[in-house]
1. In bins 20 Å wide, starting from 0, what share of all Cα pairs of the chain does each bin hold, as a percent?
2. How big is the C-alpha Rg of region 101-184 next to the rule-of-thumb value 2.2 N^0.38 Å, as a ratio?
3. Just for the chain, what percent of DSSP beta bridges are antiparallel, to the closest 5?
4. Per-residue ellipticity at 222 nm for the chain, helices alone: DSSP H runs ≥ 4 residues times -39500 (n - 2.57), over residue total, nearest 500 deg cm²/dmol?
5. With every protein chain in place, what's the accessible area of Leu165 (1.4 Å probe, Å², nearest 10)?
6. For an R0 of 25 angstrom, estimate the FRET efficiency from the Cβ-Cβ distance between Thr55 and Leu211 and round to the nearest 0.05.
7. Could you work out what % of the accessible surface of the chain is carbon and sulfur, using a 1.4 angstrom probe and leaving DNA, RNA and ligands out of the count?
8. Leaving ligands, DNA and RNA out of it, rank Ser103, Ser221 by accessible area with a 1.4 Å probe, largest first.
Amino acid sequence: MDLAAVRSHNDRTVLGLVRSGALSRADIADRAGLTPQAVSKIVARLLAAGLLEETGTVRGGGRGKPRTSLRLRADGACAYGAYVDRDELRVVRLDLTGAQVSSSVVPLAPMFAPADVLDALAPLVEPGGNVLGLGIAIAGPLDFRDGVVSPNGLPGWSAVPLRVLAEERLGLPVAVDKDTNAAVLAEAWARPLRDAALVFAGTGLGMGLLLGGEVHRGARSGAGEFGHTTIQLDGPLCVCGRRGCVEAVHNAAVSGTEAARVLAAAVVNLVQLLDLDQIVLSGRRVLESPELYLRALAGVDVSVSAHGPDLVPVGAALLVLGELF
Ligand SMILES: [Zn+2]
């Protein structure tokens, strides 16, 4: 499917409004501040593109005339999302409403190379039809604009042009972002978040940052390397080559309680630095014993993500799907 059909700001505004609930053309005009004529044209185009559908009639506010209500057509478009973790590949497919319609996980052998990831992706991703593209999430550092990655913890991966390699191999548009940015996108899709951090404790330790409701990537896509801030001088060696990073100290902790205390100390520093109003926790380590982490962070507005292990691949798919809204 060609995104060029849905290019204008107004098209995206209309799709965004309808995403929040079925609406009539008149409701859309009111909320978007557009004329009824403009809304009629936009809606006609989106119906023709198969992105909206009509869903019966609703009574219009006292004026008696029934109005046709519009909603997203779930099968009108879809997007794939992939998470390249340090030991496995997770792939999901989302429909136009953001609902997950499929999910797969395959192991990745130790010291896997970029070609191994493409080999694993190929049978799981079918281009064509109404597929918008594939979002790939992976550990940083990486360059969000050109999709070149040098992920910590993946030996041999240095300046890999992952976006171009994947587009050539799979034959569909690809976006690449950090796993933690994908995670915070997935969290913010389901509920409004403004100044928040998604702290992800999986095989690595990272953070996706939302400032003013937007993902904050920084000047060189380097923002959020929370796991590689120093918390213990001369501490344990980290995969990034330095010592005493939050990630290394967290991984070296002798018990779950101790690991949660380490993470909590680092999160409190972060909340104080940025005046965040919400912290969301996820990742395998947190999901194994969420109560330990929630207890250690009792003084902070903290919750555990409602998404399970597919949080990151869902967010990766939203990198692509989110372009429509
Ligand atoms: Zn480090």
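The values are calculated or read from the model by the stated rules, or taken from the named source; none is laboratory data. Model, not experiment: these values are computed from the prediction. Heads up, the Cβs are rebuilt from the backbone with ideal geometry, glycines too, and the neighbour counts pull from every protein chain shown. Surface areas here come from the heavy atoms of the whole protein model, side chains and all, with no ligands, DNA or RNA. Shrake-Rupley method; radii C 1.70, N 1.55, O 1.52, S 1.80 Å.
1. So the P(r) values, bin by bin, are 31, 52, 16, 1.
2. Working: Rg = 12.6 Å, N = 84, 2.2 N^0.38 = 11.8 Å.
So the Cα radius of gyration is 1.06 times the expected 2.2 N^0.38 Å.
3. Numbers: 36 of 55 bridges.
Around 65 percent antiparallel, to the nearest 5.
4. Estimated from H runs of four or more residues: -10000 deg cm²/dmol.
5. It works out to around 60 Å².
6. 0.10
7. Details: 7540 of 14600 Å².
Carbon-and-sulfur percentage of accessible area, whole number: 52.
8. Result of the area sort, largest leading: Ser103, Ser221.
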